[in-house]
Structure formats: structure tokens, C-alpha cells
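Chemist: Have a look at the structure that comes next, please.
The values are calculated or read from the model by the stated rules, or taken from the named source; none is laboratory data. In this text the structure is predicted, and so the values were computed from the model without any measurement. Heads up, the Cβs are rebuilt from the backbone with ideal geometry, glycines too, and the neighbour counts pull from every protein chain shown.
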Amino acid sequence: MEWIDAATAAERLGVKPATLYAYVSRGVLRRRHGDDGRRSLFSAEEVERLARRGRPRNRQPELVIESSVTALGADRPYYRGRDAIELAGTSYFETVAMWLWTADPALWQPRRGASAEVWRCEPEALRAAVAAQRGLPEDLLPLDRLQVIATVLGASDPLRHQLDPASVTGTGRRLIAGLVDAMPQLGESQGESIAERLWSRLCPD
């Protein structure tokens, strides 16, 4: 079987590389890692078949999960009954995440000025996650880079075996902060919130 890299597959299909990974998650394409363990390779036969057939239509999901947290409306999701798009414009990511995790109404507050709480990862774990990326290709997709970071942060989390609510939410805060801060910085951060720090990792000045 012939395997081609992500750039070649994306060009043949006329899509962005990120779309390839969406196809993988939906079972449309198969992916394997190259011999160096870094590159993603795709079946040339499957890519060619998909290119001739056209982009796959959305299939009816095979599994339906009942959730008290998320509901899918006609054109947007709702988190605990609140419009997710409205939340994005009126509330901090950190506030919404803690509210979703705990369902504590006392945590709810509209966005005013700077974020009330700055999420941080332990410096030692962050250094280990950065060091683990040495030698990775500079053009590696963020999703693949995040897999490396998450593995290191998860292994170094001192509370990874603790399942009480306070420990779980604490792990969530540290993991999210570490995933963001361990990524290469492309621009100057304009603040301390997760959104502002993530923006400086995704968009150059």
C-alpha cells in the first residue's frame, strides 16, 4: 500500500490539512505515523477514491449520548441551557469551564476587566513538555504537537489518580494552561487569560 504525506493528500483533495484529521476521526481516511514517528501518512488509494467521489456527506451518528451539559440547537450548541455563542462574547473561558465542571451558580459572573483567576501549569511540568518537543518538525500541526504535550503533562500531574471534584478541576486547569503555554509562541501575549495566551501561540504579530 502506498502512503502519502499530509501536504500531498490535502492538495489532492483540495482541503486544508486540518480537514484531513477530521476525515480520520470520522473513519473516512486511515492515518499512520511515518518511520520517524513525526509525520502523518495517509493511504494514497483512499485519498484518490475520496477525491473522485467528492467530499463525504455528514453521516447519521451511530451513537447518541444523553448529556445534561450540552444540547445541540438548530444552529448552535447550548451549555447548561445557555447559548454557547453568547457565552463566548460575554464570559471568560475560565469562568465558563469552571461553571461547566462544577455547575456551581456562585461561580457565574459576566466578563469585567481582567480575568479573575490566572490558570498556570507547574513550571517543572511545563519545562518537560517544552523539552519533549525538541526535534519535532516546525510545521507540525498543532493537534499533533498537543498530543505530545498532553502525554508529558498527564504523566507529570501529581493528582492524576485523585478523582475528588477539587483535584479533577485542578488537574483540568493545569492541563489546559500547560497545553497552551508549552506551544511555541508566535507573538506577544496581550494578557494572562487562556484565550489571550492561546492567541499568541496561533497567530504571529
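Chemist: Just a yes or no: is a residue in the range 73-84 modelled with pLDDT of 85 or more and within 17 Å of Val168 (Cα to Cα)?
Modeler: No - not one qualifying residue is present in the range 73-84.
Chemist: So which residues in the range 168-189 are surrounded by fewer than 18 Cβ atoms within 10 Å (Cβ to Cβ) and touching a Lys or Arg at 6+ places or on another chain (Cβ under 9 Å), if there are any at all?
Modeler: At the first step, the residues of the range 168-189 found to be surrounded by fewer than 18 Cβ atoms within 10 Å (Cβ to Cβ) are 168-170, 172, 184-189.
Pro184, Gln185, Leu186, Gly187, Ser189, listed by residue number.
Chemist: Please pick out the residue among Arg127, Arg120 that is within 19 Å of Asp181 (Cβ to Cβ), within 19 Å of the chain's Cα centre (by Cα), modelled with pLDDT of 85 or more and among the basic types (Lys, Arg). Please lay out each step first, then the result.
Modeler: Details: Arg127 fails: within 19 Å of the chain's Cα centre (by Cα).
Every option except Arg120 fails the conditions.
Chemist: Okay, next question. Could you list, in sequence order, the residues of the range 190-202 that are surrounded by 13 or more Cβ atoms within 10 Å (Cβ to Cβ) and of a type outside the set (A, V, I, L, M)?
Modeler: Within the range 190-202, Gly191, Glu192, Ser193, Glu196, Arg197, Trp199, Ser200, Arg201 qualify.
Chemist: Filter the range 13-57 for residues that are in contact with a strand residue (DSSP E or B) (Cβ under 8 Å, 6 or more places away or on another chain) and either buried (at least 16 other Cβ atoms within 10 Å of the Cβ) or part of a helix (DSSP H, G or I) (or both) and give the result.
Modeler: Here is the first cut: in the range 13-57, the residues in contact with a strand residue (DSSP E or B) (Cβ under 8 Å, 6 or more places away or on another chain) are 20-21, 24, 29-34, 39-44, 47.
Scanning the range 13-57 gives Leu20, Tyr21, Val24, Leu29, Arg31, Arg39, Ser40, Leu41, Phe42, Ser43, Ala44, Val47.
Chemist: While we're on this one: Restrict the check to the range 148-158 and report whether at least one residue is outside the structural domain of Ala7 (by TED's automatic domain parsing), over 26 Å from Ala6 (Cβ atoms), of a type in the set (Val, Ile, Thr) and surrounded by 15 or more Cβ atoms within 10 Å (Cβ to Cβ).
Modeler: No, the conditions are met nowhere in the range 148-158.
Chemist: Now for a separate question. Answer with yes or no whether Arg38 is touching a Ser or Thr at 6+ places or on another chain (Cβ under 6 Å) and either assigned by TED's automatic domain parsing to the domain that holds Arg134 or modelled with pLDDT under 85 (or both). Talk me through it step by step, then tell me what you get.
Modeler: Working: touching a Ser or Thr at 6+ places or on another chain (Cβ under 6 Å): no; either assigned by TED's automatic domain parsing to the domain that holds Arg134 or modelled with pLDDT under 85 (or both): yes.
Considered against the rule, which asks whether it is touching a Ser or Thr at 6+ places or on another chain (Cβ under 6 Å) and either assigned by TED's automatic domain parsing to the domain that holds Arg134 or modelled with pLDDT under 85 (or both), Arg38 comes out as no.
Chemist: Sticking with this one: Kindly indicate which of Gly154, Gly135, Gly187, Gly191 is touching a Cys at 6+ places or on another chain (Cβ under 7 Å) and within 28 Å of Ala18 (Cα to Cα).
Modeler: Numbers: Gly154 fails: touching a Cys at 6+ places or on another chain (Cβ under 7 Å); Gly135 fails: touching a Cys at 6+ places or on another chain (Cβ under 7 Å); Gly191 fails: touching a Cys at 6+ places or on another chain (Cβ under 7 Å).
One residue alone meets the criteria, Gly187.
Chemist: Could you please find all residues in the range 1-12 being out of contact with any strand residue (DSSP E or B) (no Cβ under 9 Å at 6 or more places or on another chain) and in a loop (DSSP other than H, G, I, E, B)?
Modeler: Across the range 1-12, there are no qualifying residues.
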